[in-house]
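Nothing in this text is a laboratory measurement; each read-out follows from the coordinates by a stated rule. What you see is a predicted model, and the numbers here were worked out from it, not measured in a lab. With ideal geometry, Cβ positions are generated from the backbone for all residues, glycine too; neighbour counts draw on all protein chains shown.
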Amino acid sequence: MKLKLLLLTFFSVPALIAGATKLTISVQDFSFTPATATINLGDTVVFTWVNGMHTTTSKTIPSGAASWDQLMDSEHTTFVYVPTVPGVYNYVCTPHEAMGQVGTFTVNGGTGISTYQQAKSVFDLYPNPAADKLTLSLQKEYKDASVILSDIAGRKILFRHRLSGRAELDIAGVPDGLYFVNVIVGNERYVRKLTIRK
């Protein structure tokens, strides 16, 4: 899949990845509910504040996964995290860890999420790191391919559907950092990391 992504800066789209699900974890009363869960790669984890002042903070996570440290209170009621690496993710509420406010979720490899080599066989992107322009190129024609550029918290930055061939994306307005380029074809999703550095 060679992807071409048009940049629709900070355009938030609904989750349209077929097969992906959402795990909602309540943050309240010195606990995470559920405290343990198993999901698939490509699923979204949503921490939802209920009461108190807490954090959700990664403790031990798989190598290559993005760490997080998010305040959860009446002004910060939702935190979204999209795992990009299979494995076990242990997290805590920093001020209440000693009181047992800990949690874990396990991310299975899941069907529909490719390894780097599989993704590379579907689409290419360059340059990487990129500054102002990004070229996405599908390796072959697909009936209905879509592209989502997301940040490490899973927020959609750019979206384009009905892709074909090659596309140049204007990413001049996207801040420096680590991002994920998701190419969706039917029920399959292929993910590659992208670094934006001005």
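Quick notes on this structure:
- By the count of neighbouring beta-carbon atoms within 10 Å, fewest first, Tyr190, Tyr142 end up ordered Tyr142, Tyr190.
- Charge tally in the Cβ shell below 13 Å around Val46, where Lys, Arg are +1 and Asp, Glu are -1, Val46 excluded: +1
- Full-stretch length increase - Lys193, Ala98 - with 0.36 nm per residue and alpha-carbon distance subtracted: 30.7 nm
- Three-way shape call for the stretch 55-102 based on the alpha-carbon gyration tensor, with the a/c threshold at 1.5: oblate
- Full-extension gain in nm, Leu178 to Thr78, via 0.36 nm per residue minus C-alpha separation: 33.9 nm
- All other residues whose Cβ lies under 14 angstrom from that of Gly109 are scored, Lys and Arg at +1 and Asp and Glu at -1, for a net of -1.
- If you sort the three axes of the alpha carbon gyration tensor as a ≥ b ≥ c, you get a/c of 1.5 or more for the stretch 116-196 and a/b above b/c, which makes it prolate.
- Between Lys143 and Lys120, full extension at 0.36 nm per residue minus the direct alpha carbon distance yields a gain of 6.4 nm.
- Pairs beyond 18 Å (Cα-Cα), from Lys120/Lys156; Lys156/Lys193; Lys120/Lys140; Lys133/Lys193: Lys120/Lys156
- Coarse-grained scattering of the stretch 22-108 at q = 0.20, 0.24 Å⁻¹, given as base-10 log I(q)/I(0) from a Debye sum over alpha-carbon atoms: -0.84, -1.21
- Residues Lys156, Lys59, arranged from fewest to most other Cβ atoms within 10 angstrom of their Cβ, appear as Lys59, Lys156.
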